[in-house]
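Visitor: Once you've had a glance at the structure underneath, I'll fire off some questions.
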Amino acid sequence: MSIFSEVKEYLTARQAAEYYGLQVKKNGLACCPFHDDKHPSMKIDKNYHCFACGVGGDAVDYVSRMFGVSQYDAALKLIEDFSLPVDAKGNAELSVREKERIRREKAERERVTRIQERFEKWCIQTVDILRGCISEVDSVNHFLIGKPPDIIFSEDYAQMLHAEPLINYWLDILCMGDVSERRGLFLKDRKKVEEIAGKIGAGRKRIMECSRGSA
């Protein structure tokens with residue numbers, strides 16, 4: 001196996017690019033560093049490709065282009081910077097056991113990345129869900145103006161009013177809290193968030209139906 005194949009076995013273009021400072025969005029897009037890119041036009045994962053200037057390639061090619069060095073020197077730089085178990089001849093310097101250890105470490109990094117992406121996606125979706133809950137509570141508040149006491153003092157409405165401060169508290173964490181606070185909400189309370197959001201929607205529906213039935 002060549003030195004280039006060995007390096008690419010361990011590293012993706014995205015891993016190399018992020019290591020050398022490229023800011024990549026969750027969707028894999030980034031501003032291309034090879035032209036004056038004002039809006040993200042580069043897609044990067046295992047390989048990279050810029051839809052604006054047309055450059056593209058793998059991790060070795062990215063480093064070669066970024067630092068203005070040959071492909072061979074780019075591969076050597078990656079080997080050194082990432083402490084890869086590859087020598088200049090493309091042979092594995094480490095034993096099979098060591099290569100397996102590195103493979104497991106790579107798999108673990110990828111697992112952590114997937115969890116992080118899931119966490120970030122959950123935060124975005126949950127903000128939308130909780131804002132929707134607040135809107136539902138507000139709509140019920142307006143809807144109940146002038147309605148009879150048996151509807152106003154319903155258990156569903158009481159649960160809505162009881163949940164509203166907690167929903168606002170969760171929104172504060174998701175919108176203004178630090179990473180540890182958001183992570184704590186994700187790990188400890190995400191099922192409770194889903195449960196209360198479901199109750200808000202179901203409660204609003206029952207209040208509306210009850211009002212129509214008593215009209």
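Visitor: Where in region 1-119 are there helices (runs of 4 or more DSSP H), lying wholly inside it, with at least 1 residues that are at pLDDT 85 or above and within 30 Å of residue 184 (Cα to Cα)?
Guide: Passing ranges, in order: 13-19.
Visitor: Please go through region 100-130 and give me each residue that is free of Cβ contacts under 8 Å to residues at least 24 places away in the same chain and of a type in the set (S, T, N, Q), ordered by number.
Guide: 113, 116, 125
Visitor: Which condition breaks for residue 180 when tested against (1) of a type in the set (Ser, Thr, Tyr); (2) closer than 15 Å to residue 122 by Cα; (3) surrounded by 12 or more Cβ atoms within 10 Å (Cβ to Cβ)?
Guide: The failed condition is (3).
Visitor: Just checking, does region 143-164 include any residue being out of contact with any strand residue (DSSP E or B) (no Cβ under 8 Å at 6 or more places or on another chain), more than 30 Å from residue 115 (Cβ to Cβ) and among the polar types (S, T, N, Q)?
Guide: Pass one, region 143-164, residues out of contact with any strand residue (DSSP E or B) (no Cβ under 8 Å at 6 or more places or on another chain): 143-164.
Next cut, more than 30 Å from residue 115 (Cβ to Cβ) only: 143-162, 164.
Going one step further and asking which of them are among the polar types (S, T, N, Q), we end up with 154, 159.
Yes, the conditions are met somewhere in region 143-164.
Visitor: Looking only at residues that are among the small types (Gly, Ala, Ser) and part of a helix (DSSP H, G or I) in region 166-190, which one is nearest to residue 133 (Cα to Cα)? If you could, list the steps in order and put the result at the bottom.
Guide: Taking region 166-190 first, the residues among the small types (Gly, Ala, Ser) are 177, 180, 184.
Those left that are additionally part of a helix (DSSP H, G or I): 180, 184.
Values: 180: 24, 184: 21 Å.
Among those that are among the small types (Gly, Ala, Ser) and part of a helix (DSSP H, G or I), it is 184.
Visitor: Return the residues of region 141-165 that are over 13 Å from residue 204 (Cβ atoms), not β-branched (Val, Ile, Thr) and either not in a helix (DSSP H, G or I) or not assigned by TED's automatic domain parsing to the domain that holds residue 204 (or both); say none if nothing qualifies.
Guide: Answer for region 141-165, where residues must be over 13 Å from residue 204 (Cβ atoms), not β-branched (Val, Ile, Thr) and either not in a helix (DSSP H, G or I) or not assigned by TED's automatic domain parsing to the domain that holds residue 204 (or both): 146, 147, 148, 153.
Visitor: Moving on. Is region 147-156 home to any residue that is free of Cβ contacts under 8 Å to residues at least 60 places away in the same chain and crowded, with 17+ Cβ neighbours inside 10 Å? Spell out how you get there, then give the answer.
Guide: Step one: list which residues in region 147-156 are free of Cβ contacts under 8 Å to residues at least 60 places away in the same chain, which gives 149, 152-156.
Narrowing further to those that are crowded, with 17+ Cβ neighbours inside 10 Å: 154, 156.
Within region 147-156, one or more residues are free of Cβ contacts under 8 Å to residues at least 60 places away in the same chain and crowded, with 17+ Cβ neighbours inside 10 Å.
The values are calculated or read from the model by the stated rules, or taken from the named source; none is laboratory data. These figures come from a predicted structure and were not determined experimentally. So basically every Cβ, Gly included, is an ideal-geometry build from the backbone, and we count neighbours across all protein chains shown.
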